[in-house]
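Working notes, beginning with the structure itself.
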Amino acid sequence: MPWWSFLTGASGKDEGRPDYYREGLELAQEERYHEALTSLRLALREHPGDVATLEQMAIVYTRMGMTDEAIKMYQRALEKDPESAGAHYGIAFLYLNRGRDTEAAVHLDAFLRSGAELPGSEKHASHARETLERLRSKDTAEAPPEQTPSPDAG
């Protein structure tokens, strides 16, 4: 029985091995973020380096406003799986909120290469494309005009 269920006296549907990952997702959905992190840490202990668990921990940290920790979790996920669409997407928007537009653009590009075609990702892919387009047009607008020699120079 998962740790939270054990403490609260709830009985699990299967009395076998606890599913800490699922429990973490359920607790996060209930906005019980500290408990969710505990379950996700236990899931990570059972499956070290599991990318899905690292991504879910990053999401919980983000919801708690702990963006430094969220970035660290996304970075760990990307170390394990450099093509992780979820990690690229999540870290891109955390970087964007910090004004780190260049890094955000790199991760948005990576997301679009690795995750834009995944089932159910249409909304995220559209959002990523729009954001990337906005970043690129911002870069173009901020670029200094090219210097052309004056006709008098010479």
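The values are calculated or read from the model by the stated rules, or taken from the named source; none is laboratory data. Computed from a prediction, not measured in an experiment: that's the story for all the values here. All Cβ positions, glycine included, derive from the backbone under ideal geometry; neighbour counts span all protein chains shown. What goes into the accessible areas is simple: the full protein's heavy atoms, side chains included, and nothing from ligands, DNA or RNA. Shrake-Rupley method; radii C 1.70, N 1.55, O 1.52, S 1.80 Å.
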(request) Treat each spin label as a single point 7 Å out from the Cα along the C-beta direction, and report the Gln75 to Glu31 distance in nm. (result) 3.1
(request) Could you state how much accessible area Asp109 has, in square angstrom rounded to the nearest 10, with a 1.4 Å probe and all protein chains kept in place? (result) 50
(request) For Leu118, Leu37, Leu96, write out the residues from largest to smallest accessible area, computed with a 1.4 angstrom probe and no ligands counted. (result) Leu118, Leu96, Leu37
(request) Can you tell me the relative contact order of segment 19-63? Whole percent, Cα pairs under 8 Å, sequence separation 6 or more. (result) 37
(request) Extending each Cα 7 Å along its Cβ direction at Asp109 and Arg63, get the distance between those two points in nm, one decimal. (result) 3.3
(message) Tell me which GluC sites (Glu not before Pro) from segment 28-66 have a DSSP coil assignment and no more than 15 other beta carbons within 10 Å of their own.
(response) Glu30, Glu31
(message) Please compute the length gained on full extension between Arg98 and Glu133, using 0.36 nm multiplied by the number of residues separating them and subtracting their Cα-Cα distance.
(response) 10.8 nm
(request) Express in Å², to the nearest 10, the accessible area of Lys80 obtained by rolling a 1.4 Å probe over the protein heavy atoms while all chains stay in place. (result) 130
